[in-house]
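Report on one structure; see the data block that follows.
The values are calculated or read from the model by the stated rules, or taken from the named source; none is laboratory data. Remember, it's a predicted structure, so these values are computed and weren't measured experimentally. Positions of Cβ are backbone-derived with ideal geometry, glycine not excepted, and every protein chain shown enters the neighbour counts. Calculation scope for accessible area: heavy atoms of the full protein, side chains included, ligands and nucleic acids excluded. Shrake-Rupley method; radii C 1.70, N 1.55, O 1.52, S 1.80 Å.
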Amino acid sequence: MSIKNLFDLSSKTALVTGGGQGIGRAIALALAEYGANIIINYRSNAVLAEETARLVRAYGVQCWLWPLDLIEDNITEKFNEFISANNCKVDILIANASVQFRKPWNEVTSDEFAAQINVNLRSTLNLIQGVVPYMKEQKWGRILNIGSVQQTSPHKDMCIYAASKSGLVNLVKNLAVQLAPFGINVNNLAPGVISTARNETALANPEYRKTVLQKIPLGHAGHPIDCAALSLLLSSDAGRYITGGDFYVDGGMSLFN
Ligand SMILES: NC(=O)c1ccc[n+]([C@@H]2O[C@H](COP(=O)([O-])OP(=O)(O)OC[C@H]3O[C@@H](n4cnc5c(N)ncnc54)[C@H](OP(=O)(O)O)[C@@H]3O)[C@@H](O)[C@H]2O)c1
């Protein structure tokens, strides 16, 4: 048995939410490099999503763009409409998009609470409800949620975001048990500090940066490709005996939890 072949994703299609930039883009490119067709969901930045699509297609695979704000209602129905309009399918779901509001717990508004729970947690469930029927038919599927070190490690200015990520870990473990009989593996990948647009401003503050880097045994922030490498394993047959897992890509940061 060739290990290399186990990573082959030819004939598979992956939906990557928030695939226009950052970690989502890196995952989309990694899966495309190994042969997967890619559906990129994004919220508003069409320019970045188009650029990801261009890079994906350079690997000789198909790429569809799916502009949709995941805060909306009826995500499962909208997913089904997109799939039938484009005559495609989803073998691999990467639930990567999330929103976060940095502010103290006692200043969080109802709208900010709802946005973080609805985008991060509810839309992930709704997309899983959309992709699982086809995966069951194929007796093959991969669902990978992108969590965060904050799912277990409190950050004083992001408690609702952290709570949504914590809820996702429980959802992943629950569904891993329920979907295992159908050949569907469900895992969680928790990044630590990865250099993306999301934390660019915060990390540009030298004091904040120093405090954060002191918490990382490897001593530096990660690159989105560090998350993409593990995502490839968990999205392919190479990860076929891994389900219900919760994996940190954090330079050792979670060791201090
Ligand atoms: N970067 C880190 O250090 C870090 C650490 C821990 C966990 N994470 C997690 O890793 C994942 C990716 O983070 P990132 O740093 O790569 O983020 P990012 O650079 O901020 O990119 C976020 C992506 O998500 C999309 N998005 C945001 N809200 C959306 C919505 N309501 N509907 C649809 N798409 C939406 C954005 O689309 P538009 O560009 O179109 O708005 C964008 O493409 C997130 O789940 C995040 O919580 C990141």
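Step by step: first the residues of the stretch 116-129, then only those that are open to solvent by 10 Å² or more (accessible area, probe 1.4 Å) and of a type outside the set (Val, Ile, Thr), then the one that is nearest to the ligand (Cβ to nearest atom). Which residue is that?
Out of the qualifying residues, it is Asn118.
If I go through the stretch 194-220 residue by residue, how many of them are within 21 Å of Gly19 (Cβ to Cβ) and either more than 11 Å from the ligand (Cβ to nearest atom) or not basic (Lys, Arg) (or both)?
6
Go through Ser236, Ser231, Ser164, Ser195 for me and flag whichever is surrounded by fewer than 17 Cβ atoms within 10 Å (Cβ to Cβ) and of a type outside the set (A, V, I, L, M).
Ser195
Only one residue in Ala14, Ala32 is in contact with an Asp or Glu (Cβ under 8 Å, 6 or more places away or on another chain), more than 14 Å from the ligand (Cβ to nearest atom) and open to solvent by less than 20 Å² (accessible area, probe 1.4 Å). Which one?
Ala14
Please report, ordered by residue number, the helices (runs of 4 or more DSSP H) entirely within the stretch 1-74 with at least 1 residues that are at positive phi.
Fully inside the stretch 1-74 and qualifying: 22-33.
Matching residues to (1) within 20 Å of Asn199 (Cα to Cα); (2) buried (at least 21 other Cβ atoms within 10 Å of the Cβ); (3) more than 17 Å from the chain's Cα centre (by Cα):
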{"residue": "Phe7", "(1), (2), (3)": "no, no, yes"}
{"residue": "Gly22", "(1), (2), (3)": "yes, yes, no"}
{"residue": "Leu55", "(1), (2), (3)": "no, no, yes"}
{"residue": "Asn86", "(1), (2), (3)": "no, no, yes"}
{"residue": "Trp105", "(1), (2), (3)": "yes, no, yes"}
{"residue": "Thr109", "(1), (2), (3)": "no, no, yes"}
